[in-house]
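Below: one structure, written as structure tokens.
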Amino acid sequence: MAYVLLGIAILAEVLATSLLKSTEGFSRLWPTVGCLTGYVLAFLLLAQAVKEIPVGVAYALWSGLGTAAIVAIGALFLHESVGPAKLTGIALIIAGVVIVNLTGEH
């Protein structure tokens, strides 16, 4: 169940981060409400997940998968460039998450 909560937390964080640009510096009400709600939900669920998942493992998954998802969303929907260097960086982040999970105590 902890990994389900962590997965939902990651989705909430990715949604919140995706809304950041549309808040226009937190000057637009509804995107700001959605963004902040997403972050609050994400942290509440992350806090529940780390009751059972080691913090290092949970945070590696949280940050790595979230970063990869945000880069993909930026490329697909926000027309941000993705070159070889950025793709290499994402691959290294994902490799790091895999290594942390393979060597972490579960």
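The values are calculated or read from the model by the stated rules, or taken from the named source; none is laboratory data. Just so it is clear, the model here is predicted, and its values are computed rather than measured. With ligands, DNA and RNA removed, areas are computed over all heavy atoms of the protein, side chains included. Shrake-Rupley method; radii C 1.70, N 1.55, O 1.52, S 1.80 Å.
Quick notes
- Per residue, the chain exposes 62 Å² of solvent-accessible protein surface, assessed with a 1.4 angstrom probe and all protein chains in place.
- To put it simply, the accessible area of the chain at a 1.4 Å probe is 74 percent carbon and sulfur.
- Stokes-Einstein D for the chain, Kirkwood Rh over Cα pairs, 25 °C, 0.890 mPa s (µm²/s): 168
- Contour minus Cα-Cα distance for residue 87 and residue 29 (0.36 nm per residue): 17.5 nm
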